[in-house]
Structure formats: C-alpha cells, structure tokens
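J.: The structure is given below, and queries will be raised subsequently.
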C-alpha cells in the first residue's frame, strides 16, 4: 500500500512526545494509531520489538485499553526505508507546498511588516509566524536537496532562522528544478538514524501499515511486510 498526502495538518501542533533517547532514532517518534501513545522498544528473545507504551509501562497498566499489537523493529525499518524511497513521487507536491508557503503565507506577512513601525506591538507575533513558515520552507528545501543527492554533507536544518542566507547557499548548492529521475533510485538503501532524525517528524503504527509523516509536510503510507507481533 502506498498513499501520500501533503500540507494537511502541517502547522497543527500534535501531542507532546516522550523525551527521545539515544537508543534509536524512533524513540519518541513512533505512535500508536489507536490510543495515541508512543511505542517503546523491547528486546524479546534475540529480536527487538516495538510495542505501545500502554502494554509495557507499569504506570499505564489498567488505565488505557489498546488493541494495537507490537511490530518487529526490522519490519518498521523496512517500511521507513520504503517510505523514504517513495518520496520522489511527491516532488511536485513538495514544490507546490513550497510555493504556497512563499506566496500565501510569507509574502503577505512581509508586506504587512513593511508597513509597520518597529515598535508596533503586533510586530513580534508576525515575526514569529514568519519564522515558523520559513522553517517549514527550509525543511522542504532540505528534503528536495536530499532527494536530488546534490546537497553537501552539512545541511542547514531546523535550527536555521537566517532565511536569506539559507536560500542563497541552497541556490548555490542545487538547482532543485533540474532533479532527474536518475537521482530517484535507491535514495535510502538501509535504515539511517541520522536521516530519520533530520527528515521524519513521526510514524504512526496501524495494524496493517505504517504512516510516515515527514517534517516537510508530506505523509507516506506503506504496508507492513509482516503481521504485527502479539
């Protein structure tokens, strides 16, 4: 199963995740579709399995009823790799989203800011909005550059707030409009913690599929290759 969407709830704030750990890039990023709690990693025999927190956290025992089963880590990794490799199919959606942010969100704010006095009390709120939209645009540019495989080893990620400098450097790094199909094969050959942390916002576990939500505003659904663990 493959299904992708874009924009949607891009700017809506979700639930607060667990504090991530260094155990896995998935810590604090893997959610249960049924109860909304995070999944946690367990060693069962010789294999790692991710299970809903409601099933393994003693503090949650008896307080949450959840029927979602666990999933082997290898199955989750495979699904996420597939989701990353589906991304080029969403390139036009990402370009459309980038343009929407520029024209419908950032440009009107810039026009309004240009008419405001420096000490206007509403200026700070507008600047915060502009920063939020700018960061979303930077996430899109970063993901497009990754898809084109023309980005340098060091990207200018979520922490970057200097919009003009980022755009200037990005334009020197890659001409996004000229990404070819040849660049789209085998973007991710195996699960990569660093790239998952950089580009993936979260993943939601369903009984038969994994819903992978990217920070850039694209959601990709991939079928789980094997049934969930009981």
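Derivation of every value follows stated rules applied to the coordinates shown; laboratory data play no part. These numbers come from a predicted model, not from an experiment. Virtual Cβ from ideal backbone geometry, glycine too; neighbours counted across all protein chains shown.
J.: Classify region 35-159 from the C-alpha gyration tensor, please: rounded if a/c falls under 1.5, else prolate or oblate depending on whether a/b exceeds b/c.
T.: Since a/c reaches 1.5 but b/c is at least a/b, the shape of region 35-159 is classed as oblate.
J.: Measuring from label point to label point, each 7 Å out along Cα→Cβ, what is the residue 118 to residue 206 span in nm?
T.: If labels sit at residue 118 and residue 206, their model points lie 5.3 nm apart.
J.: With a 10 Å Cβ neighbour count serving as the proxy for reagent exposure, in which order, fewest first, do 190, 225, 27 appear?
T.: Working: 190 7, 225 13, 27 19.
Fewest to most other Cβ atoms nearby, the residues stand as 190, 225, 27.
J.: Going by how many other Cβ atoms sit within 10 Å of their own, how do 214, 191 line up, fewest first?
T.: Starting with the residue having the fewest Cβ neighbours, the order is 191, 214.
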